[in-house]
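The values are calculated or read from the model by the stated rules, or taken from the named source; none is laboratory data. Quick caveat: nothing in here was measured; it's all calculated off a predicted structure. Note: ideal-geometry Cβ built from the backbone for every residue, glycine included; neighbour counts use all protein chains shown. These area figures cover heavy atoms from the full protein model, side chains too; ligands, DNA and RNA do not enter into them. Shrake-Rupley method; radii C 1.70, N 1.55, O 1.52, S 1.80 Å.
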Amino acid sequence: MEQIGVVSYGAHIPRYRIKAEVIAAVWGKDGQAISRGLGIFEKSVPSVDQDTATISVEAIRAALKRCTLNPSDIGAIYVGSESHPYAVKPTGTIVGEAIGATPDLMVADYEFACKAGTAAIQTCLGFVKADMIDYGVAIGADTSQAAPGDALEYSASAGGAAFIIGKNNVIATINHTLSYTTDTPDFWRRAEMKYPSHGGRFTGEPAYFKHITNCATNLMTKAQTKPQDYTYAIFHQPNGKFPVNVAKKLGFTMDQVKQGLLVPYIGNTYSGASMIGLASVLDVAKPGDRIFMTSYGSGAGSDGFDMTVTNNITRLSREKAPSVAQLVADKEYVDYGTYAKMTNLLFWE
Amino acid sequence: MREVAVIGVGLTKFGELWDKSFRQLIAEAGSKAILDAKIEGKDINALYIGSMSSGRFVDQEHIGALVAEVSGFSQLHIPATRVEGACASGGLAVREGYLSIASGINDIVVVGGVEKMNDVGGSEATEILATASDQEWEAFFGATFPGIYAMIATRHMHEYGTTKEQLAQVAVKNHANGAFNPYAQYQSPISLESVIRATTVAYPLGLLDCSPVSDGAASLVLCAAEKAKKYTDKPIKIIGSGQASDTLALHGRRDICTLDATVYAAKMAYKQANLTPKDIDFAEVHDCFTIGEICAIEDLGFVEKGKGGKAIDNKITTLDGSLPVNTSGGLKAKGHPVGATGVAQIVELTMQLRGDAGKRQVKDGKIGLAHNVGGSGATCVIHILEAM
Amino acid sequence: MKEGVARFWREIPQRYNFMGNKCGTCERVFFPPRESCPYCRRKSIGNMKEIKLTGKGEVVTYTIIHVGPDDFEEQTPYPIAIIKLEEGPQITAQIVDCPLDEVKIGMKVESTFRKIQQDGHTGAIYYGYKFHKCYNNK
């Protein structure tokens, strides 16, 4: 069977963090209770010179450092995000130029709330399978925005991951992928609005849980697998509670979930969330490990992936770029005033 | 080549001159110099005007002709040329005037330098000054003009053990001199502690390590030396003139702590004057930042490279030292209306050599040197003057 | 919006990818690329070869900018350094992700991709290089 899947990967997380209790103190809330409730202790904060384009470039450059691929062999770049720096002017063009993959290149930006990055993986997979390209790059990255004082302020963070998809030197074969999509308005941002709106508790059961559960179940049916067949399982992580609950409901254990669960320490990186989880798993994965991943994007849909790690992973120079654990550990805390300045809450002109 | 002498000087007060326009400033300095030289408009063969950025400070280019007009010479149709080399614009205008007389083309030339910097806001002034650095490869990346000199200071401190106190002493000395200069922007002494404690602009430079944003103008009348006695009893001869260039960006230079443009321009001027650095009695040097004066006294050969800080400690450059530097107060205390600076330096040398410098008069000063730098050292122009 | 975009667009190969050049006569490397080698001058004309630099180097000198241009005001205080690149040329750039008291002469740094400036809130965004400490100090 022809192996198609991940050839290399890289992640990027901005270095600054703010603690949930620091945000809570500003709004007169009980920070510890909020941290416990959400399962989020701190979140990453982009500095003023970082956006989805710069995070995407850092992530794909990390992936390229780990392998020997010539950037001009990349045939497509798809960048998924809900915070592209331009409303019109593709992030992918900036990324393509910054890695030297232009000009013989297919590029487009994706938006599908928090699953735009996994949608990009599916696109690249299809192109490689159809022999239209040798290698495609799928990126999920965000500098997500939350209105000051909104519940989202404790989670909306920044980060991203990039995956090179191809059929040579594949480190993790993508055995199966499928999606589950409906029109469910649980979370949205209208054009020209700075901050998103959401349906409160409606984002839970009929949205996140319904789509992930159906997608995961359909995928295991198609792959003829059971939760116990997987070494690692990654679920979209808007907070620390949802992914743990959905994993348990589906029959996965915490041992399978924890390596890919970063939200307690970096917050919800939106399009980067499940992608950074996958990068974290690949940081430690061994040949033969089986990986299950289900993303979720509001609006709503889930993309499911069934992957098997190959022997090639031992030949990938994983140490040439920082691991997710290293990115998480390398941090500097900021206070709310600095956070407000960095995330442009204080904009006036 | 003919010898050239200064026969008249004129200066406006330097400072925040809210009630004076660009046109008024240059007209005032020019008419003072012309009256001082006792010449008439019809005697003038050419005008050379130094200005760094009249276009951005007052939205006015084409200032050669404008200066001729506001000086009352529109009916004389005098050739008028603007000269630009960032902060060295004034010194370059002096050199152009000098060359035009030395070549035999002109007999009498009026040189002016002017900048009206306070007609824009503070941050815009900073931005305009940064155009003297490499816009594409320094300023674009967030390097400010004080920041570039600060990087020279950091390296100088690292290589030679120069201290923040030594930098501060430059400012203290120049303010002490400025206190005796009625034209200076700052005419009061400052303490070492106040310089060291001043708010940081670009580490290691604080606010009082930096020259101010100033308005002002300066003017000279230059004349073929053979005809100078006709106009004045005390003509001051220009016995050496040197100019050199280097990369616009500091990072492109051979050595971060050496302004090679100074080294080469000095070599040219010393050679022409047939002098060595030891022969110089006093100097006006380009202290746009305190580190600038330390590099200058090294690069001009007054002290060995790296010993500039020590020389400050040893009080060599004070008014009563063996080599007084910046008797006028320098750019630091006198003020730094960029285009005027290089011309004003020659005005100070002339006043000193005539014995007209009042309380700041140096003793037995026979030979003076003026050192004017553009940008962080991409242009340097040096003149050596001697009483006839 | 005040700037024409072409002058920034033209510099993309340098600012994104460190495209410099090398004198075919003396092998000296230049960044940004030069039309001719200032050491070999006419011998170098037509003999300058494009090369991509690694974007790694060492801090030669630095400053901490406390009073910045308008475009950088929200980042103050920030370090600016002259960096000697592995291939020889020196460049001026910002140091990021580093506590201010850790910026030192001799510090090994590598490039990172960042937003440098933007033309207000409606104009184009200009990206390019900044530097941070080398990952694993290598």
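Quick look at the values:
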{"item": "Subset tally (residues that are at pLDDT below 95 and either more than 14 Å from chain B (Cβ to nearest Cβ) or not in a loop (DSSP other than H, G, I, E, B) (or both)) for the stretch C:48-72", "result": "3"}
{"item": "Tally of residues being facing chain C (nearest Cβ under 7 Å) and out of contact with any Leu (no Cβ under 8 Å at 6 or more places or on another chain) across the stretch B:145-159", "result": "4"}
{"item": "Residues of the stretch B:175-210 that turn out to be among the hydrophobic types (A, V, I, L, M, F, W, C), touching a Leu at 6+ places or on another chain (Cβ under 8 Å), in a helix (DSSP H, G or I) and open to solvent by 20 Å² or more (accessible area, probe 1.4 Å), as a count", "result": "1"}
{"item": "Residue within the stretch C:23-41 that is open to solvent by 40 Å² or more (accessible area, probe 1.4 Å) and among the aromatic types (F, W, Y) present", "result": "yes"}
{"item": "Count of residues meeting criterion [closer than 20 Å to A:G301 by Cβ and either under 14 Å from the mean Cα position of the chain (by Cα) or open to solvent by less than 20 Å² (accessible area, probe 1.4 Å) (or both)] in the stretch A:246-262", "result": "3"}
{"item": "Selected residue [open to solvent by 20 Å² or more (accessible area, probe 1.4 Å) and closer than 17 Å to A:L38 by Cβ] from A:K222, A:K226, A:K241", "result": "A:K241"}
{"item": "Residue among C:D101, C:D70 that is without any contact (Cβ under 8 Å) to a residue 24 or more places away in the chain, under 23 Å from B:S133 (Cβ atoms) and among the acidic types (D, E)", "result": "C:D70"}
{"item": "Meets criteria (within 18 Å of the chain's Cα centre (by Cα) and either of a type in the set (S, T, Y) or part of a loop (DSSP other than H, G, I, E, B) (or both)) for C:G123", "result": "no"}
{"item": "Among the residues listed as C:Q90, C:Q94, the single one being within 11 Å of chain B (Cβ to nearest Cβ), open to solvent by 20 Å² or more (accessible area, probe 1.4 Å) and either charged (D, E, K, R) or under 25 Å from B:P204 (Cβ atoms) (or both)", "result": "C:Q90"}
{"item": "Of the criteria (1) crowded, with 24+ Cβ neighbours inside 10 Å; (2) in a strand (DSSP E or B); (3) among the small types (G, A, S), which one A:G75 fails", "result": "(1)"}
{"item": "Residue match in the stretch C:37-44 (condition: of a type outside the set (F, W, Y) and either assigned by TED's automatic domain parsing to the domain that holds C:V109 or touching a helix residue (DSSP H, G or I) at 6+ places or on another chain (Cβ under 9 Å) (or both))", "result": "yes"}
{"item": "Pick from the stretch C:101-116, criterion farther than 18 Å from A:S56 by Cα and not β-branched (V, I, T), ranking: surrounded by the most Cβ atoms within 10 Å (Cβ to Cβ)", "result": "C:M107"}
{"item": "Residue among C:E27, C:E3 that alone is of a type in the set (D, E) and either assigned by TED's automatic domain parsing to the domain that holds C:H132 or at pLDDT below 95 (or both)", "result": "C:E3"}
{"item": "Test: residue in the stretch B:221-237 that is modelled with pLDDT of 95 or more and in contact with a Cys (Cβ under 6 Å, 6 or more places away or on another chain)", "result": "no"}
{"item": "When residues of the stretch A:311-333 are limited to those that are under 16 Å from A:E58 (Cβ atoms) and among the hydrophobic types (A, V, I, L, M, F, W, C), the one nearest to the other protein chains (Cβ to nearest Cβ)", "result": "A:A321"}
{"item": "Out of A:P196, A:P206, A:P243, A:P238, sole residue that is within 19 Å of the chain's Cα centre (by Cα) and free of Cβ contacts under 8 Å to residues at least 24 places away in the same chain", "result": "A:P243"}
{"item": "Residue match in the stretch A:268-280 (condition: surrounded by fewer than 24 Cβ atoms within 10 Å (Cβ to Cβ) and either in contact with an Asp or Glu (Cβ under 7 Å, 6 or more places away or on another chain) or within 14 Å of chain C (Cβ to nearest Cβ) (or both))", "result": "no"}
{"item": "Any chance A:I171 is of a type in the set (A, V, I, L, M, F, W, C), surrounded by 16 or more Cβ atoms within 10 Å (Cβ to Cβ), more than 19 Å from A:F112 (Cα to Cα) and touching a Ser or Thr at 6+ places or on another chain (Cβ under 7 Å)", "result": "yes"}
{"item": "Residue match in the stretch B:251-271 (condition: touching a residue at least 12 places away in the same chain (Cβ under 8 Å), touching a Pro at 6+ places or on another chain (Cβ under 6 Å) and surrounded by 18 or more Cβ atoms within 10 Å (Cβ to Cβ))", "result": "no"}
{"item": "Some residue of the stretch A:307-318 being within 30 Å of A:A33 (Cα to Cα) and in contact (Cβ under 8 Å) with a residue 60 or more places away in the chain", "result": "no"}
{"item": "Any hit, the stretch B:323-345, residues being open to solvent by 10 Å² or more (accessible area, probe 1.4 Å), of a type in the set (G, A, S) and either out of contact with any Leu (no Cβ under 8 Å at 6 or more places or on another chain) or under 24 Å from B:I7 (Cβ atoms) (or both)", "result": "no"}
{"item": "In the stretch B:214-237, the residues that are surrounded by fewer than 22 Cβ atoms within 10 Å (Cβ to Cβ) and aliphatic (A, V, I, L, M)", "result": "B:A224, B:A225"}
{"item": "Residues of the stretch B:120-159 satisfying the condition of being more than 26 Å from B:D215 (Cα to Cα) and surrounded by fewer than 19 Cβ atoms within 10 Å (Cβ to Cβ)", "result": "B:E136, B:H158, B:E159"}
{"item": "Qualifying position, being more than 14 Å from chain C (Cβ to nearest Cβ), over 24 Å from B:A218 (Cβ atoms) and free of Cβ contacts under 8 Å to residues at least 60 places away in the same chain, among B:E165, B:E136", "result": "B:E165"}
{"item": "Criterion (of a type in the set (D, E, K, R) and in contact with a Gly (Cβ under 9 Å, 6 or more places away or on another chain)) met by exactly one of B:E304, B:E284", "result": "B:E284"}
{"item": "Elements of type strands (runs of 3 or more DSSP E) contained in the stretch A:121-217, each with 3 or more residues being touching a Leu at 6+ places or on another chain (Cβ under 7 Å) and acidic (D, E)", "result": "none"}
